[in-house]
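> Handing you a structure now.
Laboratory data are not the source of any read-out in this text; all were calculated from the coordinates shown. Computed from a predicted model, the values in this text were never measured in an experiment. Cβ placement follows ideal geometry from the backbone for every residue including glycine, while neighbour counts extend to all protein chains displayed.
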Amino acid sequence: MKTSKLAPPKKLAISIGAILTLGVLLSAPFYFSYVEVKAISDKCYDNSGLPKIEKSGLKIDYFACSTN
């Protein structure tokens, strides 16, 4: 029974694909955390307010919009 070996270009393509996929999976939570903070702070600014945000890691622990 023959075992098929992947040609070097195929190995390289698979490795690059795996690295890119891993990069996307690792960076996605940071991006969506940023988008969430930006959206709620923009709404606060639209209401002539000043946002106060406290985060712990990727999670928003406290949000307040003070309008004067």
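> Please enumerate, by chain and number, the lysines with C-alpha under 20 Å from the C-alpha of residue 11, excluding those fewer than 8 residues away in the same chain.
Those lysines meeting the cut-off are 2.
> Another question about this same structure. Given only helices, namely DSSP H runs of n ≥ 4 each adding -39500 (n - 2.57), what is the per-residue ellipticity at 222 nm of the chain, to the nearest 500 deg cm²/dmol?
Helix contribution divided over all residues of the chain: -21000 deg cm²/dmol.
> Related question: Among (1) 78, 21, 14; (2) 35, 27, 15; (3) 79, 37, 22, which is the computed Cα extents along the principal axes in Å?
Matching the structure shown: (1).
> Taking only C-alpha pairs under 8 Å that are 6+ residues apart, what is the relative contact order of the chain in percent?
20
> Distance from a point 7 Å along Cα→Cβ of residue 36 to each backbone N in segment 49-68: keep the residues under 20 Å and list them by number.
Only 51-66 fall inside the zone, counting backbone N under 20 Å.
> Which one, 62, 48, 21, is farthest towards the positive end of the dipole of the chain when Lys and Arg carry +1 and Asp and Glu -1 on their Cβ?
Among 62, 48, 21, the one farthest towards the positive end of the dipole of the chain is 21.
> Return one number: the angle in degrees, 0 to 90 and rounded to the nearest 10, between the long axis of the Cα atoms of helix 8-46 and the longest principal axis of the Cα atoms of the chain.
10
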